[in-house]
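**Q** Here it is, the structure, as structure tokens.
The values are calculated or read from the model by the stated rules, or taken from the named source; none is laboratory data. Bear in mind that the values here come from a model prediction, so they are computed numbers and not experimental data. Note: ideal-geometry Cβ built from the backbone for every residue, glycine included; neighbour counts use all protein chains shown.
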Amino acid sequence: MMEETQEKIKICMFGKFSITQGQLTIDDSCNRTHQLWNLLEYLIDFRFKNVSQEELVSAIWPDGSSENPANALKNLVYRIRSTFSAYGFSFSRDMIQYHHGSYRWNNNLNCLVDAEEFGRLAKEGAAAENPDVKLEYYLQALDLYQGDFLPGSSCEEWVVPLSTKYRAQYFSIIYETSSLLLSRGAYGEVQRITERAIAIDPFQEQVHTFLIRALIGQDNLQKALDHYRKVTNLFYRELGIKPSDSLRSLYQEITKAAGNVETDLDTIREDLIERNQPIGAYYCDYEIFRNLYRMQARAASRNGRSVFVCLFTVTGWEGSPPEPHLRIKAMDKLQECIRLSLRKGDVFSKFSPTQFILMLSTGTFENGEGVLERIRRRFRQDFRNREIIIYSNLQPLLPVEV
């Protein structure tokens with residue numbers, strides 16, 4: 001038996017694959033042969049069992065592409081040892097053991113594997129009945145999770161289920177930890193862990209909810225509002241979905257929390273001024289657009305002013321849904337064309353992932369059609385892709401009946 005290595009070997013499997021001992025570090029960018037790292041990762045992840053040649057061949061060459069897999073395995077093991085020796089690691093010769101047709105990582109080496117430690121801390125935290133102890137374990141686990149499990153091997157069949165398991169476990173801990181921290185008023189800590197979680201996966205709506213609550217708790221209402229708008233736009237653009245009722249209720253909570261009493265009218269007027277005004281029409285969230293529409297409908301019943309509503313729709317060829325990347329580019333360009341083609345007093349909003357709704361004070365239907373043609377012409381000039389077609393529909397605003 002080999003004596004334990006004096007200096008602990010730290011093995012990182014979250015965010016990237018790397019091995020560190022003292023001042024020496026090697027990672028999967030140091031050698032371009034992916035199979036070399038795939039083999040080493042597999043042996044480390046299953047290091048508490050002897051792994052047969054057949055199992056390794058199935059994991060490394062699932063398509064059966066190796067003509068002589070037993071010899072190929074020996075060659076990969078030799079190259080792993082040579083690579084680590086070239087980088088100066090003292091354990092390179094003995095890091096992989098072979099016995100009776102099976103390979104294994106040498107567990108006599110003094111190692112700390114982040115994935116194993118994460119699993120241990122998650123289990124301890126789940127079992128802890130004392131909330132303070134639970135938080136201590138969970139926060140340590142969250143700090144270990146620096147990204148997805150073995151991202152460089154994310155397409156490997158054996159990695160996929162493990163990566164999915166660890167990610168689900170990570171976000172489950174995020175949710176429980178955030179709830180515990182919010183109940184203690186630890187808003188800054190909630191902000192820290194949720195911002196890191198969003199960097200890992202920006203499409204976990206509940207994480208955004210926790211972050212917004214943390215910002216509200218710190219009276220950082222403007223940042224909370226900015227983040228709400230950023231999230232709703234992200235979900236519209238990338239997923240084609242509107243925010244949930246729980247997320248939308250936070251918008252009301254933000255505006256309610258901002259309802260401080262202010263007696264200085266000059267201060268209020270200063271706050272109402274729009275800063276950094278972009279050229280052209282006013283773009284807003286659909287909820288705001290809906291309120292503006294209702295206000296115009298009330299006004300139209302009194303003054304008889306002609307206001308029109310238009311719906312622009314982006315489609316693919318023959319009306320089929322466009323590819324996501326094309327849809328995003330087309331909608332971005334259409335938004336710019338609408339903004340630049342309308343007057344400052346006009347307003348528009350995104351109605352769905354492929355639609356914009358506009359409100360125009362053009363006086364006559366013919367004038368409104370002229371405005372829409374100007375938008376279509378600008379779009380065709382700026383977005384030259386025959387796979388994208390835009391349609392428009394113009395109708396008069398319906399006044400509120402007196």
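**Q** Of everything in region 117-142 that's surrounded by 16 or more Cβ atoms within 10 Å (Cβ to Cβ) and among the aliphatic types (A, V, I, L, M), which residue is nearest to residue 181 (Cα to Cα)?
**A** This residue is 135.
**Q** Output the residues belonging to region 22-62 that are more than 17 Å from residue 99 (Cβ to Cβ), charged (D, E, K, R) and without any contact (Cβ under 8 Å) to a residue 40 or more places away in the chain.
**A** 27, 32
**Q** OK, next. From 322, 278, which residue is surrounded by 15 or more Cβ atoms within 10 Å (Cβ to Cβ) and assigned to a loop (DSSP other than H, G, I, E, B)?
**A** Of the residues listed, the single one that is surrounded by 15 or more Cβ atoms within 10 Å (Cβ to Cβ) and assigned to a loop (DSSP other than H, G, I, E, B) is 322.
**Q** Residue 52 - would you say it is in the same structural domain as residue 108 (by TED's automatic domain parsing), out of contact with any Gly (no Cβ under 9 Å at 6 or more places or on another chain) and among the hydroxyl-bearing types (Ser, Thr, Tyr)? It would help to see each step written out before you state the result.
**A** Values: in the same structural domain as residue 108 (by TED's automatic domain parsing): yes; out of contact with any Gly (no Cβ under 9 Å at 6 or more places or on another chain): no; among the hydroxyl-bearing types (Ser, Thr, Tyr): yes.
Judged against the criteria, residue 52 is not a match.
**Q** Just one of 273, 288, 241 is at pLDDT below 90 and in the same structural domain as residue 349 (by TED's automatic domain parsing); which is it?
**A** Numbers: 273 fails: in the same structural domain as residue 349 (by TED's automatic domain parsing); 241 fails: in the same structural domain as residue 349 (by TED's automatic domain parsing).
Of 273, 288, 241, the one residue that is at pLDDT below 90 and in the same structural domain as residue 349 (by TED's automatic domain parsing) is 288.
**Q** Further question: Given (1) in contact (Cβ under 8 Å) with a residue 24 or more places away in the chain; (2) within 32 Å of the chain's Cα centre (by Cα); (3) surrounded by 14 or more Cβ atoms within 10 Å (Cβ to Cβ), identify the lone condition not met by residue 96.
**A** Result: residue 96 passes all but (2).
**Q** Here's a follow-up. Would it be correct to say that residue 175 is touching a residue at least 60 places away in the same chain (Cβ under 8 Å) and not hydrophobic (A, V, I, L, M, F, W, C)?
**A** Taking the combined requirement at face value, the residue does not satisfy it.
**Q** Take the residues in region 355-372 that are touching a strand residue (DSSP E or B) at 6+ places or on another chain (Cβ under 9 Å) and modelled with pLDDT of 90 or more, then tell me which one is farthest from residue 235 (Cα to Cα).
**A** 369
**Q** Out of 87, 78, which single residue is modelled with pLDDT under 95 and either acidic (Asp, Glu) or over 37 Å from the mean Cα position of the chain (by Cα) (or both)? Walk me through how you get there before you give the answer.
**A** Numbers: 87 fails: either acidic (Asp, Glu) or over 37 Å from the mean Cα position of the chain (by Cα) (or both).
After ruling out the rest, the residue left standing is 78.
**Q** Right, another one. Going by the structure shown, is residue 217 over 19 Å from residue 231 (Cβ atoms), in contact (Cβ under 8 Å) with a residue 24 or more places away in the chain and in the same structural domain as residue 245 (by TED's automatic domain parsing)?
**A** For residue 217, the condition - over 19 Å from residue 231 (Cβ atoms), in contact (Cβ under 8 Å) with a residue 24 or more places away in the chain and in the same structural domain as residue 245 (by TED's automatic domain parsing) - is not met.
**Q** Then there's this: Report, ordered by the first and then the second residue, all pairs with beta carbons closer than 6 Å, sequence separation of six or more or different chains, a first member in region 323-348 that is assigned by TED's automatic domain parsing to the domain that holds residue 380 and on the phi > 0 side of the Ramachandran plot, and a second member that is buried (at least 20 other Cβ atoms within 10 Å of the Cβ) and not in a strand (DSSP E or B).
**A** So the pair list comes out empty.
For (1) under 22 Å from residue 27 (Cα atoms); (2) in the same structural domain as residue 35 (by TED's automatic domain parsing), each residue gets a yes or a no:
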position	(1), (2)
66	no, yes
88	yes, yes
139	no, no
151	yes, no
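**Q** Then there is this: Collect the residues in region 335-394 that are among the aromatic types (Phe, Trp, Tyr) and within 34 Å of the chain's Cα centre (by Cα), keeping them in residue-number order.
**A** Narrowing region 335-394 to residues among the aromatic types (Phe, Trp, Tyr): 348, 351, 356, 365, 379, 383, 391.
Within region 335-394, 348, 351, 356, 379, 383, 391 qualify.
**Q** Kindly state which helices (runs of 4 or more DSSP H) lie completely within region 107-221 and contain at least 1 residues that are under 19 Å from the mean Cα position of the chain (by Cα) and modelled with pLDDT of 95 or more.
**A** So the answer is 131-144, 159-183, 187-200, 205-217.
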